[in-house]
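Participant: Structure in structure tokens, see below.
No lab work stands behind these numbers, since they all come straight from the coordinates. The structure displayed is predicted, hence computed values, not measured ones. FYI the Cβ positions are ideal-geometry reconstructions off the backbone, even for glycines, and counts take in every protein chain you see.
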Amino acid sequence: MAGWTTRDGKPSGWKAADGVMTVVPRTGDSVTEFVFGDAQIHLEFMTPIEEGSGQDRGNSGVYIHGRYEVQVLDSHQSQTYPDGQCGAIYGQHVPKVNACRPQGEWQSYDIIFRAPRFEGGKKVKNAVVTVIHNGVLIHDHVEVTPTGGAIGKEELEKGPLLLQEHGHEVKYRNIWVRGL
């Protein structure tokens, strides 16, 4: 877990073994120490095999810049509100299609992110994101603003990657960020 902390800078309480990070409930979110601007992001995740429904089923999230959440959730044959399902830009954009695999299977996000643009300290253009979920385009160059649970409402030119702890033992692997 080198390079990952909690929101307040303490060492992350998540488990890491054999190249897999696992959420440990009630230990808080994990945040990268490094920050980035425009980026290509790849990660793989697996929701746990568990009972539950709606938002209480493998819930987590990928926060780009710590502010813009791409929802992680078991939405395979499980109903929830449209802008809260797996792949949603939480509370803002519904995925074009539900590309979610069943519980216990590895899934992938490939994300192209363009940070907000500033001139003279004032934001002149919103952040833009494209998301491919399991090889399927689910968001195509959509504008985003900070979502609920964000590190802060103030948008910046650079920010960290934050993985959300939401009470479920979601697993992550093969995480990389390449600046653009």
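Participant: Collect the residues in the range 154-180 that are buried (at least 16 other Cβ atoms within 10 Å of the Cβ) and within 12 Å of F113 (Cβ to Cβ), keeping them in residue-number order.
Facilitator: Across the range 154-180, the qualifying residues are G159, L161, V177.
Participant: Does E69 qualify as being surrounded by 14 or more Cβ atoms within 10 Å (Cβ to Cβ) and closer than 21 Å to P146 by Cβ?
Facilitator: Yes.
Participant: Regarding the range 74-91, can at least one residue be identified that is touching a helix residue (DSSP H, G or I) at 6+ places or on another chain (Cβ under 9 Å), within 13 Å of H166 (Cβ to Cβ) and in a loop (DSSP other than H, G, I, E, B)?
Facilitator: Looking for residues that are touching a helix residue (DSSP H, G or I) at 6+ places or on another chain (Cβ under 9 Å), within 13 Å of H166 (Cβ to Cβ) and in a loop (DSSP other than H, G, I, E, B), one finds at least one in the range 74-91, hence yes.
Participant: Being part of a loop (DSSP other than H, G, I, E, B), over 16 Å from F118 (Cα atoms) and over 13 Å from the mean Cα position of the chain (by Cα) is the filter here; which residues of the range 133-150 pass it?
Facilitator: Answer for the range 133-150, where residues must be part of a loop (DSSP other than H, G, I, E, B), over 16 Å from F118 (Cα atoms) and over 13 Å from the mean Cα position of the chain (by Cα): N134, G135.
Participant: Hey, can you tell me all the residues within the range 97-123 that are surrounded by fewer than 15 Cβ atoms within 10 Å (Cβ to Cβ), over 23 Å from K153 (Cα atoms) and basic (K, R)?
Facilitator: Matches in the range 97-123: none.
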